[in-house]
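Novice: Have a look at this one before I ask anything.
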Amino acid sequence: MNKKPILSFMEKQPGDVMRTCADISLARSRLGYQPKVSLTDGLLIQMNDLHALYRRDGQHVSYPSL
């Protein structure tokens, strides 16, 4: 993309999750759940979708801090 993102750092919002221990092992064992998309690929897909959305709306792309 060869562009540096414009970052907007914001205060924590009510309801922001500070830490998570997400675990799909129960769904995997009881339901046979198996993700079709890896976390890395899913994040890349999400980033590309957001880029397309913001480009279409003529807005600058800014990502929240992690």
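Novice: Which residues, counting only those in the stretch 1-41, are among the aromatic types (Phe, Trp, Tyr) and within 29 Å of Ala52 (Cα to Cα)?
Specialist: Once the filter is applied, which keeps residues that are among the aromatic types (Phe, Trp, Tyr) and within 29 Å of Ala52 (Cα to Cα), the stretch 1-41 yields only Phe9.
Novice: If His51 satisfies every condition in (1) within 14 Å of the chain's Cα centre (by Cα); (2) in a loop (DSSP other than H, G, I, E, B); (3) not basic (Lys, Arg) but one, which is the exception?
Specialist: (2)
Novice: How many residues are surrounded by 10 or more Cβ atoms within 10 Å (Cβ to Cβ) and not in a loop (DSSP other than H, G, I, E, B) when one looks only at the stretch 16-32?
Specialist: The qualifying residues number 2.
Novice: Is it fair to say Pro35 is surrounded by 10 or more Cβ atoms within 10 Å (Cβ to Cβ), over 15 Å from the mean Cα position of the chain (by Cα) and at pLDDT below 85?
Specialist: Here the answer is no, as Pro35 does not meet what is asked.
The values are calculated or read from the model by the stated rules, or taken from the named source; none is laboratory data. Small disclaimer: the values here were computed from a predicted structure and weren't measured. All Cβ positions, even for glycine, are placed from backbone atoms using ideal geometry, and neighbour counts span all protein chains on display.
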